[in-house]
């Protein structure tokens, strides 16, 4: 409604009634909303980074980690993965499978173990090996599970305490098919650990991912990347202008 109100005010001020002009104004307002969040993903080229990756089950978290790890390795970075999703059956094995495929080591404990201990050991290993980038996979918990969110907060504190000279970033993996619950997820995860940016997954489906407008507008949380498929290269830097044109395409010519 905020977006619609802004468009109405501009349409009234401009005195326009042409549908295509209104669509153009709507696109401009969408872009402005998305750009209102600090979308910078930049870190110094020689900086070492720890990424704490959160998101609910089924959002594509582990696959997104693999894509980001692949991209980092392709840039010549040394990469380490941490399997701190110790609660979901098969989660550790899934990350280890990706690690083997990518030829990237995975720090893991047994299933059901302490995720904080995994994060601690992974950070220590990153320091000792002088690794450039560490991705920590966390349990794909529902944001309504208070005990599991407390575990996530613990992992976040360990990263903050033990990170040392590593830059720290929090990534929220969000399914593009998620509706208003996506805003609830972003608020909940953001209250538990730092969230600096969003990876929007499953845009290869019919989903438009419009919930990111609310996340960017209300929380000032930017979208960093979009996932558009299952292969390792199916991840792209988010482009607000292209996204706005997808949401609000030009009108089809009259037949």
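The values are calculated or read from the model by the stated rules, or taken from the named source; none is laboratory data. Worth saying up front: this structure is predicted, and the values here are computed from it rather than measured. Positions of Cβ are backbone-derived with ideal geometry, glycine not excepted, and every protein chain shown enters the neighbour counts.
Details
- Condition met for residue 81 (closer than 19 Å to residue 127 by Cα and either more than 15 Å from the chain's Cα centre (by Cα) or modelled with pLDDT of 95 or more (or both)): yes
- Residue satisfying all of: in region 204-220; outside any helix (DSSP H, G or I) and either surrounded by fewer than 18 Cβ atoms within 10 Å (Cβ to Cβ) or over 13 Å from the mean Cα position of the chain (by Cα) (or both); modelled with the lowest pLDDT among these: 205
- Scope region 193-203; condition surrounded by 20 or more Cβ atoms within 10 Å (Cβ to Cβ) and free of Cβ contacts under 8 Å to residues at least 60 places away in the same chain; matching residues: 198, 200, 203
- For region 73-88, a residue qualifies if it is under 16 Å from residue 60 (Cα atoms) and part of a helix (DSSP H, G or I), but none of them does.
- Residue ID - surrounded by the most Cβ atoms within 10 Å (Cβ to Cβ), chosen from residues in region 128-165 that are at pLDDT 95 or above, in contact with a strand residue (DSSP E or B) (Cβ under 9 Å, 6 or more places away or on another chain) and part of a loop (DSSP other than H, G, I, E, B): 131
- Scanning region 89-127 for residues that are in contact with a strand residue (DSSP E or B) (Cβ under 6 Å, 6 or more places away or on another chain), buried (at least 19 other Cβ atoms within 10 Å of the Cβ) and assigned to a helix (DSSP H, G or I) returns 92, 95, 99, 115, 118, 119, 122, 126.
- Options 47, 59, 37; residue that is touching a strand residue (DSSP E or B) at 6+ places or on another chain (Cβ under 9 Å), surrounded by fewer than 17 Cβ atoms within 10 Å (Cβ to Cβ) and in a loop (DSSP other than H, G, I, E, B): 47
- Qualifying residue in region 241-252 (condition: at pLDDT 85 or above, crowded, with 17+ Cβ neighbours inside 10 Å and within 20 Å of residue 171 (Cβ to Cβ)): yes
- Residue count for region 114-128, restricted to those that are free of Cβ contacts under 8 Å to residues at least 12 places away in the same chain and within 20 Å of residue 139 (Cα to Cα): 1.
- Flag if residue 70 is farther than 20 Å from residue 171 by Cα and either in contact with a helix residue (DSSP H, G or I) (Cβ under 7 Å, 6 or more places away or on another chain) or modelled with pLDDT under 95 (or both): no
- Any chance residue 232 is in a strand (DSSP E or B) and within 22 Å of residue 85 (Cα to Cα): no
- Subset of region 1-31 [more than 25 Å from residue 223 (Cβ to Cβ), surrounded by fewer than 16 Cβ atoms within 10 Å (Cβ to Cβ) and touching a helix residue (DSSP H, G or I) at 6+ places or on another chain (Cβ under 8 Å)]: 14, 16, 17, 21
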